[in-house]
1. Taking the highest mean first, how do the peptides 139-150, 381-392 order by number of other beta carbon atoms within 10 angstrom per residue?
2. Quickly work out the residue 27-to-residue 65 label distance, labels modelled 7 Å from Cα along the C-beta direction, and quote it in nm with one decimal.
3. Within the stretch 228-263, find all residues whose amide N lies under 17 Å from a label point positioned 7 Å from the Cα of residue 74 along Cα-to-beta-carbon.
4. Pairing the Cα long axis of helix 339-348 with the longest principal axis of the chain, what angle in degrees results, from 0 to 90 and rounded to the nearest 10?
5. Which distance in nm do the two modelled labels at residue 147 and residue 457 give, with both placed 7 Å along the Cα-to-Cβ direction?
6. What distance in nm lies between label points placed 7 Å from Cα along the C-beta direction at residue 256 and residue 346?
7. By average Cβ neighbour count within 10 Å, what is the ranking of 352-362, 449-459, 218-228 from highest down?
8. What does the charge dipole of the chain about its Cα centre add up to, to the nearest 20 debye, if the Cβ of each Lys and Arg holds +1 and the Cβ of each Asp and Glu holds -1?
Amino acid sequence: MKNTGSREWSACVLLFAAISALEASASELESVYTVQAPQGQWVVRALTHAAQCPSIAWDGHLPVAMQVRATQATLPVRSDAAQADSKPAVFDVTSCEATWPAQAQSARIEGQVVPAPPKQIQRILIVADTGCRMKASENSFQECNDADKWPFAQIAQSAAKLKPDLVVHIGDVHYRESPCPQGNIGCANASWGYGWDAWRDDFFQPAAPLLASAPWLFVRGNHESCFRAGQGWFRFLDASPYTAARNCNEPANDLQGDFSEPFTAAISEQAQFIVFDSAKSSGKAYNPADPAFTKYKSQLNIAAQLAKLKPESFFINHHPLLAAAPGKDPKKFKSGGSAGLQSVFETVVPDRLFPAGVTVAMHGHVHLFEAISFQSNHPVSLVMGNSGSLNEGHAPHAIAPTDRIYKTAVVDNYASRSEYGFATLDRTFLSGQESWQLTEYTPQGQAVIRCHIQNGKSRCQ
């Protein structure tokens with residue numbers, strides 16, 4: 001007589017062991033997300049506390065192991081750390097990745113669905129300057145424990161409900177640089193420093209619903225420069241390969257680590273993003289002998305060539321060149337463009353600053369919303385740095401034609417908002433021609449400003 005019961009019991013034991021192993025592996029996962037990379041590629045990332053990377057299954061096929069991007073490590077304080085109270089950065093997660101195959105339609109990691117690259121982009125969701133500001137050198141400590149005072153989690157939830165095809169973050173992801181002062185209830189017990197725990201609490205946990213909703217395109221901000229949170233930037237968000245020269249671990253390599261090559265990301269048959277890394281740019285005009293001047297000029301020349309690839313280009317970098325600065329009195333105007341970038345860009349494209357074919361420039365850095373259109377031959381300037389980090393003042397209520405943002409630039413349409421929020425860009429058609437609708441939302445998802453953008457001009461309600 002065959003002992004079928006024994007075989008069935010053994011099979012059950014093996015199945016239970018396999019399920020337990022899968023659950024254990026899945027429990028080690030901290031985050032799964034998809035990143036837009038250069039040359040039309042998409043990269044899946046997974047962050048895990050396990051020493052080995054998880055497996056990824058494409059289109060339901062047998063899983064294959066992901067590749068290690070960066071191993072777990074505790075990194076010493078850099079000699080030039082931005083804050084005097086900096087501590088070693090503990091990265092107790094392994095960063096893993098896999099390039100999305102061109103033919104693949106879906107993917108799962110340990111049973112978790114991975115956002116797939118969009119077949120067509122209709123809605124782009126935009127955030128910038130999202131982290132909770134904790135900075136001892138400025139005695140600036142945001143109330144991270146108050147969802148109204150730091151609303152990024154609410155923004156991510158509201159934004160995910162809009163079902164974007166692509167999410168764009170225009171820099172300054174990480175803000176928790178210093179410990180919360182003793183007795184400060186607003187940020188009490190908040191994680192801080194440049195290691196995983198601060199990255200987790202400042203971005204990955206609050207952004208979780210939005211990370212699960214769509215792929216992301218990350219643009220680097222000054223908070224992700226090498227002497228600040230650059231090590232985490234390269235482990236988690238940078239779109240290019242992780243190398244010894246480009247990981248921000250050694251200050252001697254910063255001339256490579258702080259400057260990334262521009263790249264394009266198609267958003268339609270007619271239009272593309274040009275992604276430009278301005279993380280290390282100065283607020284003051286450069287001396288042409290400065291190595292940063294040489295770097296930025298070379299990269300702008302590359303961007304000018306990239307702009308020829310599509311009829312229309314949206315130039316995305318963190319620091320605005322054509323913007324109004326925030327202030328205490330919204331009745332007063334003050335120009336707020338980056339003098340450092342202006343001093344470089346004007347040597348390549350005098351006055352206009354941006355290469356031919358650039359119809360829209362998109363930025364963060366200034367913690368408010370601005371949509372600026374010009375009578376002069378300058379691209380629409382969009383500033384959207386109001387997605388969570390501490391607000392810095394009021395945008396001017398109006399900009400007169402005599403208020404010169406930059407040299408001959410003359411404003412003819414302007415809308416602003418000084419409160420927290422996020423934005424979408426929806427692809428539309430007017431008279432058979434591609435156009436875009438920009439919508440600014442409150443953290444709760446209420447639309448408050450709408451702008452129509454076409455042919456390098458914007459008109460806002």
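Values quoted throughout were computed directly from the atomic coordinates according to the rules given, and no laboratory measurement underlies them. Please read these numbers as outputs of a predicted model, since none were measured by experiment. Note that each Cβ is placed from the backbone with ideal geometry, even for glycine, and that neighbours are counted across all protein chains shown.
1. The most tightly packed comes first, giving 381-392, 139-150.
2. About 2.3 nm separates the two model spin labels.
3. Within reach of a label on residue 74, which here means backbone N under 17 Å from a point 7 Å along Cα→Cβ, the stretch 228-263 contributes nothing.
4. Its long axis makes an angle of about 80 degrees.
5. Going from the residue 147 label point to the residue 457 one covers 4.3 nm.
6. 3.4
7. Per-residue mean Cβ counts within 10 Å order the peptides as 218-228, 352-362, 449-459.
8. Roughly 740 debye for the chain.
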